[in-house]
Every structure is written in C-alpha cells, then in structure tokens.
Amino acid sequence: MRDTFNDTFDRLAETTSEILGVFLSRKLSGTYDAALQGIKLMKRKCGVVVLDSTLGAMGQGLLVIEATKKAFAGVSLDKLVQTVAETIPWIHVRASLGSLKYLAMGGRIGKAQALLASALKINPIIGIKDSEAFPVAKLRSKVKANEWLHRFATGFADVKALAVEYGTNFDAAKVLAKRIASLLPNVPIYLSQINPVIGTHTGPETIIVSVLSGER
C-alpha cells in the first residue's frame, strides 16, 4: 500500500507543491501509517501532511468535504491542517447495527463490549469517538432504532452538513434521509453506501448518521 501512496503523492506533486491527506482512523486501518511510509519514498519534492481523522465512514467524509471547501477558497496548507483539527470534535457519528457480532469478530468493539450480553435481542446504537466505538442506546426494533437516529440528527441547534449511510438497507436509509431533510431543508445531506472496509465490521443492516455541527 505504501507504494500506492508513493506513486500517488509523486503524481500529485507534478502539479502542486502542497498535499494534505485526511485518513481513516489509524486504530481502524493501516492506511494512515502506509501514507506516512509513502511520503518517505517520494521522488519529487513536495510538502505533504497526512492527518488521522480519528473517524470513519462519512464522519471522515464530512471532514474531507469541509477541508476541500477551504482549499478551493485558497486557504494555506497550515490553515487547512488547523481547520481539520478544529473540526474533528464537531463531527458526531451514530450507528444503528443489526448485530454487534461483526464488530466483535473484527476486534473493533471497544467500549461497546458492554452491549454484547443482550445483543441478540436488541438493535444497538453506538457512537464513534477518538477512534473507538462506545455504547449509546439499546432498542428493541429497527423502527425504533431509525426513529432514534432521526431524533439525533434533528436535535442539533445548528447543522452544517449531514450524511446517512447504509449497508444493504437502502430503502430504510432513503426514508430516514428524506425525513431528516424535511426538518433540515437547507442542510446538505449525503446519502451513500457504506464501503466494504466499514461494512465488514458493522454488518449488512447498519445505518450510520454523521453530523457536522455548527455549534462551537
């Protein structure tokens, strides 16, 4: 993987003197460390900074989108790094899982271990903070879990952007996104499918809501 980053950074360095990479939490993937190794193998001179988002899924995606907007506005690399660091605490991720067994099998369960005892009978809600899953709620059905996510997404005083992700349950995610949009008509809402890396650990019935709060 480091060779991939090496080649990518060298190719980008043909047209720019500064590169910023914002990566999946290093506790969830080796991508960040591979990027660091790729920098050392570069043949071209270029200022490259890679950051650990401490997030995954569209929590990371909202962070990248925010940084991209600033980059297109002409913000310097140092300022972009500062912006990313200051934005991370204001991204809130909650996931409704059909089961905790996938997190447990992948060793990514963290503090959500406390939910395992009754996991067969519930739809757990977990959050992601500082690269670790933690328990939030235990609900008795997918309908109640989706209702919880709806209340979560619309419960902020100020929302700058929001994402709804799904595994194999596109219809349920689409309905949830539309309900949220009806209450937050001026907020960008991204609807996307969970990538295979995240899906491996969360399972097929997952719905993830990520919110970039404007509250400071």
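The values are calculated or read from the model by the stated rules, or taken from the named source; none is laboratory data. Source: prediction; values computed, not measured. Cβ coordinates were reconstructed from backbone atoms using ideal geometry, including for glycine residues, and neighbour counts include every protein chain displayed.
Observations on the structure shown:
- Qualifying residue in segment 18-27 (condition: of a type in the set (Phe, Trp, Tyr), buried (at least 17 other Cβ atoms within 10 Å of the Cβ) and in the same structural domain as Ala173 (by TED's automatic domain parsing)): no
- Filter pass, Gln113 being in a helix (DSSP H, G or I), under 21 Å from Arg26 (Cα atoms), modelled with pLDDT under 85 and not hydroxyl-bearing (Ser, Thr, Tyr): yes
- Flag for Val197 being at pLDDT 95 or above and β-branched (Val, Ile, Thr): no
- For segment 136-161, the set of residues classified as of a type in the set (A, V, I, L, M), buried (at least 16 other Cβ atoms within 10 Å of the Cβ) and either closer than 13 Å to Ile122 by Cα or touching a residue at least 60 places away in the same chain (Cβ under 8 Å) (or both) consists of Val136, Ala137, Leu139, Ala145, Leu149, Ala161, listed by residue number.
- Close pairs from segment 196-211: first in the same structural domain as Glu132 (by TED's automatic domain parsing) and crowded, with 22+ Cβ neighbours inside 10 Å, partner modelled with pLDDT under 80 and among the polar types (S, T, N, Q), Cβ under 8 Å, at least 6 apart: Ile208/Thr202
- Test: residue in segment 145-163 that is under 25 Å from Thr31 (Cα atoms), at pLDDT 80 or above and under 19 Å from the mean Cα position of the chain (by Cα): yes
- Among the residues making up segment 19-41, those that are in contact with a strand residue (DSSP E or B) (Cβ under 7 Å, 6 or more places away or on another chain) and not charged (D, E, K, R) are Ile19, Leu20, Gly21, Val22, Phe23, Ser25, Thr31, Tyr32, Ala35, Leu36, Ile39.
- Hey, Lys174 among the basic types (Lys, Arg), outside the structural domain of Ser29 (by TED's automatic domain parsing) and exposed (fewer than 15 other Cβ atoms within 10 Å of the Cβ) or not: yes
- Qualifying residue in segment 34-48 (condition: crowded, with 18+ Cβ neighbours inside 10 Å, at pLDDT below 95 and under 23 Å from Ala95 (Cβ atoms)): no
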